[in-house]
Amino acid sequence: MGTLLSLRIQEKFDELTRSEQKLATVLLDHSDDILSFSAKELSVASGVSAATAVRLFRSLGYRDFNEVRLQARQERNFTGPSTGLAVPIEPMPQGRATAAAHLQMELANLTRTFSTLEAQSLRQAVELLAAARRVWIAGLGPEAAVGSLAWSLFSQARHGVQLLPQDAQSWPSELASMGPGDLLLAIASRPWLDAFNPVLEFCQTARVRLVVICDPTGQARIERHGGLPLVCHAAQLPHTRSFTSVISMIGLLHMATLERLGETAMVRAELIEGLREKFLDD
């Protein structure tokens with residue numbers, strides 16, 4: 001995502017209030033839909049007041065939403081829309097946790113995520129996962145269980161895959177074991193753990209390659225630290241969030257890495273399966 005609006009949001013996201021961040025996230029997730037919605041509709045979709053919207057646009061350097069839409073129209077005329085797929089902007093209403101509403105929301109999450117994923121970014125991530133001396137996996141905060149899933153998949157595809165523990169206090173001893181040739185695959189969405197900031201700095205200093213599955217608000221920070229962001233989108237939900245696009249991204253990376261490793265991955269998988277049968281027999 002390369003529009004001036006999205007870049008301004010990513011740069012200033014940490015300085016925004018919580019309400020402004022909610023609206024900013026909606027704008028990042030639905031940058032192609034700005035021309036189709038009014039300021040009021042965007043406010044309703046993000047659950048914030050019109051006054052919050054006014055403050056956000058001004059803090060980003062715009063006089064009002066009309067100026068935002070004017071810039072979006074000029075950029076679209078120059079580059080064309082990034083996707084021709086219609087993605088609903090409405091979050092799931094409270095009290096409407098039905099199968100149909102859930103399906104609509106998750107289809108929107110997946111459509112937005114994979115229609116904006118650049119093929120070059122996917123290829124680069126797969127090359128790093130296949131060629132790294134060791135792969136370290138970290139699921140931060142709510143993504144800890146997703147990190148365990150990623151470790152389970154990639155440890156069967158290649159050797160040298162290690163999972164960072166959930167307890168961030170033990171990370172320094174783990175980081176001390178990393179070095180050039182290693183890769184850290186992190187799964188991190190807002191709000192980030194405070195401990196993740198020194199991890200980013202360490203990876204950049206120690207020349208540890210970095211791939212981060214993140215939401216749109218983390219993209220700029222990952223890039224500033226020399227990492228490769230893989231952006232996943234998720235609709236706004238009250239008191240919870242969706243992990244569907246994140247898990248699907250991990251599944252895509254795993255399948256593509258298996259294809260990249262070829263026979264090596266197949267031999268390892270067969271060895272693991274044989275050992276598993278022996279353990280079960282015992």
(message) For Val161, what residues show an amide H to amide H distance below 5 Å, using hydrogens built from the backbone and excluding near sequence neighbours?
(response) Val135
(request) For every helix of n ≥ 4 consecutive DSSP H residues, a contribution of -39,500 (n - 2.57) applies; sum these over the chain, divide by its total residues, and give [θ] at 222 nm rounded to the nearest 500 deg cm²/dmol. (result) -17500 deg cm²/dmol
(request) Add +1 for every Lys or Arg and -1 for every Asp or Glu among the other residues with Cβ under 9 Å from the Cβ of Trp136, and state the total. (result) -1
(message) Could you list Ser245, Ser173 so that the one with the fewest beta carbons within 10 Å of its beta carbon is first and the one with the most is last?
(response) Ser173, Ser245
(message) Taking the alpha-carbon distance from Lys22 and a cut-off under 19 Å, which lysines remain once sequence neighbours fewer than 8 residues away in the same chain are dropped?
(response) Lys12, Lys40
(message) Please list 3J(HN,Hα) in residue order for segment 64-71, calculated via the Karplus relation 6.51 cos²θ - 1.76 cosθ + 1.60 where θ = phi - 60°; whole Hz, with x for glycine and proline.
(response) 6, 5, 4, 5, 4, 5, 4, 5
(request) Starting from the amide H of Leu184, placed 1.01 Å from N in the peptide plane, find each other amide H under 5 Å away whose residue is 5 or more places distant or on another chain. (result) Trp136, Arg209, Leu210, Val211
(request) Evaluate the distance, in nm, between pseudo-label points positioned 7 Å from the Cα of Thr98 and of Leu193 along their respective Cα→Cβ axes. (result) 4.0 nm
(request) Return the sequence-ordered ³J(HN,Hα) values of segment 140-148 in whole Hz as given by the Karplus equation 6.51 cos²θ - 1.76 cosθ + 1.60 applied to θ = phi - 60°, using x for Gly and Pro. (result) 9, x, x, 8, 4, 5, 5, x, 5
(message) Can you give the FRET efficiency to the nearest 0.05 for Leu280 and Ser121, using r as the Cβ-Cβ distance and R₀ = 41 Å?
(response) 0.55
(request) Calculate the radius of gyration of the Cα atoms of the chain to one decimal place, then report Dmax, the largest Cα-Cα distance, as a whole number, both in Å. (result) 20.4, 71
(request) Pop a pseudo-label 7 angstrom from the Cα along the beta-carbon direction at both Arg207 and Arg58 and give the gap in nm to one decimal. (result) 5.0 nm
(request) Between Ser170 and Leu4, take the C-beta separation as r, use R0 = 41 Å, and let me know the FRET efficiency to the nearest 0.05. (result) 0.50
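No lab work stands behind these numbers, since they all come straight from the coordinates. Computed from a predicted model, the values in this text were never measured in an experiment. A quick note on method: Cβ atoms are made from the backbone with ideal geometry, for glycine too, and the neighbour counts reach across all protein chains shown.
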